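So the structure is just underneath, and the comments pick up after that.
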Amino acid sequence: VQLVVESGGGLVQPGGSLRLSCAASGSSFSSYTMGWYRQAPGKLRELVATVTSGGVTDYSDAVKGRFTISRDNAKNTVYLQMNSLKPDDTAVYYCKAKLGIFTIWGQGTQVTVSS
């Protein structure tokens, strides 16, 4: 993988849904652990969800039961389905690809949850 690009962010009302996509370019995408992270203003970047090359998923307690991470290796893409969104979910969401010590971050996509 050489580059990852996020898309799908936007403005949504509380209780709404969004699906983020992260498209990777390059080879060996299926070997990478892919993750979604987020950073709210004035806060540190935090883990949201990860999916390993074998399809094992993990979630932060803040999003467990509301968000779902998935990957499509045929499309070199990882998704984050976000349901029951709350104002506290407002942040820039980043995609990360990791294989061993090799890590690539995307530029991020803004998600704003507000009425």
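For the range 43-59, state whether one or more residues are assigned to a loop (DSSP other than H, G, I, E, B) and basic (Lys, Arg).
Filtering the range 43-59 down to residues assigned to a loop (DSSP other than H, G, I, E, B) leaves 43-45, 52-56.
From what is left, the residues that are basic (Lys, Arg) are 43, 45.
Scanning the range 43-59 turns up at least one residue that is assigned to a loop (DSSP other than H, G, I, E, B) and basic (Lys, Arg).
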In this structure, does residue 70 turn out to be at pLDDT 95 or above and under 12 Å from the mean Cα position of the chain (by Cα)?
yes
Residue 48: touching a helix residue (DSSP H, G or I) at 6+ places or on another chain (Cβ under 8 Å) and not polar (S, T, N, Q), yes or no?
no
Failed item, numbered, when residue 68 is tested on (1) free of Cβ contacts under 8 Å to residues at least 60 places away in the same chain; (2) closer than 22 Å to residue 12 by Cα; (3) in contact with a Ser or Thr (Cβ under 6 Å, 6 or more places away or on another chain)
(3)
In the range 1-41, the residues that are over 15 Å from the mean Cα position of the chain (by Cα), at pLDDT 95 or above and on the phi > 0 side of the Ramachandran plot
15
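Yes/no matrix, rows are residues, columns are (1) among the basic types (Lys, Arg); (2) surrounded by 15 or more Cβ atoms within 10 Å (Cβ to Cβ); (3) in contact with a strand residue (DSSP E or B) (Cβ under 7 Å, 6 or more places away or on another chain):
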{"site": "6", "(1), (2), (3)": "no, yes, yes"}
{"site": "10", "(1), (2), (3)": "no, no, yes"}
{"site": "19", "(1), (2), (3)": "yes, no, yes"}
{"site": "45", "(1), (2), (3)": "yes, yes, yes"}
{"site": "74", "(1), (2), (3)": "no, no, no"}
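Within the range 78-100, is even one residue aliphatic (A, V, I, L, M), in a loop (DSSP other than H, G, I, E, B) and either exposed (fewer than 15 other Cβ atoms within 10 Å of the Cβ) or without any contact (Cβ under 8 Å) to a residue 24 or more places away in the chain (or both)?
So far as the range 78-100 goes, no, none of its residues is aliphatic (A, V, I, L, M), in a loop (DSSP other than H, G, I, E, B) and either exposed (fewer than 15 other Cβ atoms within 10 Å of the Cβ) or without any contact (Cβ under 8 Å) to a residue 24 or more places away in the chain (or both).
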Suppose the filter is open to solvent by 50 Å² or more (accessible area, probe 1.4 Å), of a type in the set (A, V, I, L, M), closer than 26 Å to residue 1 by Cβ and not in a strand (DSSP E or B); does residue 62 pass it?
no
Residues in the range 30-49: is at least one over 19 Å from residue 108 (Cβ atoms) and in contact (Cβ under 8 Å) with a residue 40 or more places away in the chain?
yes
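Hey, among the residues in the range 101-115 that are of a type in the set (Ser, Thr, Tyr) and in a strand (DSSP E or B), which one's surrounded by the fewest Cβ atoms within 10 Å (Cβ to Cβ)? Explain how you work it out, then say what you get.
The initial filter retains those residues of the range 101-115 that are of a type in the set (Ser, Thr, Tyr), namely 103, 109, 112, 114-115.
From the residues that got through so far, the ones that are in a strand (DSSP E or B) too are 103, 109, 112.
Details: 103: 13, 109: 22, 112: 15.
Here the residue is 103.
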Counting only residues in the range 21-43 that are of a type in the set (A, V, I, L, M, F, W, C) and surrounded by 15 or more Cβ atoms within 10 Å (Cβ to Cβ), the one nearest to residue 89 (Cα to Cα) is identified as 36
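The values are calculated or read from the model by the stated rules, or taken from the named source; none is laboratory data. Just so it is clear, the structure is predicted and the values come from calculations on it, not from any experiment. Here Cβ is always computed from backbone atoms with ideal geometry, including for glycine, and neighbour counts include all displayed protein chains. Just the protein is used for accessible areas: all its heavy atoms, side chains included, with ligands, DNA and RNA removed. Shrake-Rupley method; radii C 1.70, N 1.55, O 1.52, S 1.80 Å.
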